1. If I compute P(r) over Cα pairs in 10 Å bins from 0, in percent from the structure I just sent, which labelled value in (i) 7, 32, 38, 20, 4, 0; (ii) 6, 23, 29, 22, 13, 5, 1, 0; (iii) 7, 27, 31, 23, 10, 2, 0 lines up?
2. Mind listing the long-range amide H neighbours of residue 57? Cut-off is under 5 Å, sequence gap 5 or more, other chains count too, H placed in the peptide plane at 1.01 Å from N.
3. Between region 51-87 and region 150-205, what's the alpha-carbon centroid distance in Å?
4. Just order 172-182, 93-103 by mean Cβ neighbour count inside 10 Å, highest at the front, would you?
5. Suppose only helical runs count, i.e. DSSP H with n ≥ 4. What mean residue ellipticity at 222 nm does that imply for the chain under -39500 (n - 2.57) per run, divided by all residues and rounded to the nearest 500 deg cm²/dmol?
6. Kindly write out, for region 33-50 in residue order, the coupling ³J(HN,Hα) from the Karplus curve 6.51 cos²θ - 1.76 cosθ + 1.60 (θ = phi - 60°), rounded to whole Hz, with x marking Gly and Pro.
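The numbers here are math on the coordinates, done by the rules we state, and not lab data. Because the structure is predicted, anything quoted here is derived from the model rather than measured. Neighbour counts are summed over all protein chains in view; Cβ atoms, including those assigned to glycine, are modelled from backbone coordinates with ideal geometry.
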Amino acid sequence: MPAILTTLAVNAAVSALAFLVLWVVSLRIKDVSFIDAWWGPSMALLAWSAFLQAPPTPHGLLLTGLCTLWAARLGGYLFWRWRKHGADRRYVSMIAHAEKTRGWGFAKTALIFVFSLQYVLGFVVALPVQLGQQPGALGPLAWAGAALAIVGVAFETIGDAQLTAFKADPANAGKVMDRGLWRYTRHPNYFGDACVWWGLYLIAAETGLGAWSLPGPVLITFLLTKWSGVPTTEGRMRKSKPGYEAYVARTSGFVPWFPRNLPLPEGEGGARR
C-alpha cells in the first residue's frame, strides 16, 4: 500500500476514535453542542497524525503549525461560547425533529446526524494538511499560502472579537452589527475560515501530491457559503433583526468590499449572531 494511503487510513482511524469518545460524552451530558468546538481541533489532530507518521518536512511543519494555530483559536472561542450560552438551539431542534419524525433516540441521532457527519466533512476539508506533508523546499506558492492563511486567522479573530464586544453592550440589543470588519462583509469569520483553507491548500499544492487536496478548500467554501454557514445565519437574522434587510442591501455577502451608498434606515445601528 502506498505510504499516503497508509497515512490516510491511520488518520481516519484516529479521528474516528476521537469522535466516538466525544459521542459517548454527549450521551452523558445530553448535549452535542460542544462538537462545534472540536471542528478545528479535529483537523489539527489529522495534521499532527500525518506529521508524526513520516520524517518532518518544511511543508509539513508549516501546514501543521498554521492548522494548529487556526484550530486552537477557533476551538477555544467556540468552547467558550458553548460554556457561556449552553446548548445550541440548532442541534436541539435537529434532535427533537429526528425523534419525532423518525422515532430515533438521542444516541442514534447524535451519532448519525452530528458526529458521523462532522467526522466525514472534517476529514475531507483537512486533505491539504494530510496530503501536503511531502519533501521539498518552500517556494513562493507556499509562502503566499502561508500569508493568506495568516490573514484568514487574523480576519476571523478580529471579526469574532468585534462581535463579542458589540453583543456584550446592552445598548446594542436588537441592533445589527455593522461596524469594524462587519461593515465590509456580513461574514468576516466565514471569509477568514475560507482564506485559511485556501492558504493551506496553496502550501500543499506546491508539493505536487498536495494539489489533489483541492476538494478540501472547495468543500469548506461550499459549507460556509451555501449550506451551514451563511444560509443558516442569514435565515435566522432576517427573522430576528428588523434592520437586517437594509444591512444585506448595502453590505457584501462574503468577500469584503466597501458598503453600497444606500440611505440608512432611521434608528439602525449595529448585533448579529
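1. (iii)
2. none
3. 17 Å
4. Working: 172-182: 18.8, 93-103: 12.9.
Descending mean neighbour count gives 172-182, 93-103.
5. Details: 12 runs with 177 residues, N = 273.
Dividing the helical sum by the residues of the chain leaves -21000 deg cm²/dmol.
6. Listing the rounded values in order: 4, 5, 4, 4, 5, 8, 3, x, x, 5, 7, 5, 4, 5, 5, 5, 4, 5 Hz.
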